[in-house]
1. With 10 angstrom as the radius, rank ASP433, ASP79 by how many other C-beta atoms surround their C-beta, starting from the fewest.
2. According to the Cα gyration tensor, what semi-axes, each the square root of 5 times an eigenvalue, does the equivalent ellipsoid of the chain have, listed from largest to smallest in whole Å?
3. Say a site is exposed when it is one of the GluC sites (Glu not before Pro), sits in a DSSP loop, and has at most 16 other Cβ atoms within 10 Å; what is then the longest site-free stretch of the chain?
4. Sort TRP459, TRP194 by Cβ crowding within 10 Å, fewest neighbours at the top.
5. Rounded to the nearest 500, what is the chain's calculated 222 nm mean residue ellipticity when only DSSP H runs of at least 4 contribute -39500 (n - 2.57) each, over all residues?
6. Between region 69-92 and region 121-147, what is the separation of their alpha carbon centroids in Å?
7. I need to check one value: relative contact order of the chain, counting alpha carbon pairs closer than 8 Å and at least 6 residues apart, in percent.
8. Using only alpha-carbon positions, what ratio does the radius of gyration of region 343-500 give when scaled by 2.2 N^0.38 Å?
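Nothing in this text is a laboratory measurement; each read-out follows from the coordinates by a stated rule. Here the structure is a predicted model, which is why all the values come from computation and not from measurement. Cβ coordinates were reconstructed from backbone atoms using ideal geometry, including for glycine residues, and neighbour counts include every protein chain displayed.
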Amino acid sequence: MLAVTAAQMALVDGVAVSRDGASVLVRLAGAAIAQIAGRYRGEGPIVAFAGNGNNGGDAFAALAELGGPRVAYHDPAHDGSPTRVGARERARASGVRLRPYPADAAELRIAGLLLDGLLGVNVRFPLDAPAAERVAALNAAGVPILALDIATGTDPTTGALNEPHIRAIATIAIGRPKIGSLLDPGRDATGDLWCAPIGMHDGDLLDAGPDSFVCTSSSFAALLPRRGASADKRSSGAPLIVAGSAQFPGAAILCALGAARSGAGYVTVAVPKAALEAVRAHLVEQVVVPFDDADASSAIQTIAELAMHCTSLGVGPGLAINETVRTIVREVVAKTNLPTVADASALHLLAGHLAELHDNGRLILTPHEGEFALVSGHGTIAPGQRRERLRAFVDEFGITTLLKGRTTLVADRASLHLNPTGTPALATAGTGDVLTGIVATLLSQGLKPVDAGRAAAFWHGRAGALAAEARPVGVVAGDVAAALGQASLGPPDANPIRIF
């Protein structure tokens, strides 16, 4: 599903209005908001702040669909569009009390739910004084807030936050999710993120700048390979994992487990001789083969021979960082004609040599922000610049890249994808190694790098959420690998895009 900037949303909305009519869309939006409001509503009236634009119309439309005591604060001197006026009058006719600003503090504190319909995607920062006062009043009430389309004070394109800004328990995006709701720091202000498509389509946006997409449960399910009835172990995916060292044997183990638990039928692990004993002690179902990481020529030959029987390559987790291993990694990645995921130590070892790889669309890099600063050659990412920096890097080198983070970004030259399932449970050593194994398996099963990256990120986050459900404190990377099978089936999601 497309995730849109403010400018793109205006274009999508314009197409939908011309096709379906504004009054139809506002009724659909109201019905969707009312459905979601019931999930968060507590004891007490529903109180809405209905702004002067389309968001105000959506707030009135939602109140008209709801039962029980309802109040709408608005500016009686401003009628707005005919569609907004119609929604307001339907709300009044259904028993909604209309009250002028300023809002009564006592009435807000006894509400069961507050609706933020103040401002939409056309917001300008800083907020003017009346809008800022209303945001402050909503936050001060101490009542859950459901934000309509975008939490007021969140930039819909960048995720930057105005002060003050709404701190919502949930946001329901109308039409398409806004990119700013998915990016830090806006994600904190958004709460749970829902989307009501209300008849809008990705095809409604044509030639309006680079496309960004968000992975949903349905798009993940469509990407995930399923074994056929006649599958054998190699046709089910045969990744080759090149990883580990005497200091970090666990990285190879976790990467191999990530590959196996995400459905690979035959996992081969090539490890330096110094890590062999530890790795073999933990991997029973996988083939573990040693190589001499002090002899580049011998190591390259060993790995190349293994690669002839494999269908993808995962390289990097836990490898030593020295000139001999640098030669091994560069030669293996450059000359092994397999779809490849490079992570961790491999990123350090390839830094400065990316232009030489000529990967022909078979390579995906999976850095966190510190590693990205190194491989990009342009230093630390400034706040609010993750999308721009990733886009520039991919345009420069042409290499598909997965930039890890709370909202992991995956980009190739054609598209950028935002992953909504990030969870704090993944903030533990080794989870990145598990992710590399998942990517390697999906590559081995035929997914192109950008699809392997976005599916793996979604799956990894969902497995982290499941692991945290079972173990609220003390999740380790092995728990995430173990949860992958269950996570392939469905929720829970960590702050997902929910479509209904």
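1. On the way: ASP433 30, ASP79 12.
The fewest-first ordering by Cβ neighbours comes to ASP79, ASP433.
2. Values: eigenvalues 481, 87, 75 Å².
Ellipsoid semi-axes (Å, largest first): 49, 21, 19.
3. Values: sites that count: GLU43, GLU285.
In short, 44-284.
4. Least to most surrounded, the residues fall as TRP194, TRP459.
5. On the way: 20 runs with 208 residues, N = 500.
After summing the helix terms and dividing by residue count, I get -12500 deg cm²/dmol.
6. 18
7. On the way: 1131 pairs, mean separation 66.0, N = 500.
Across the chain, relative contact order equals 13 percent.
8. Working: Rg = 15.3 Å, N = 158, 2.2 N^0.38 = 15.1 Å.
This ratio for region 343-500 stands at 1.02.
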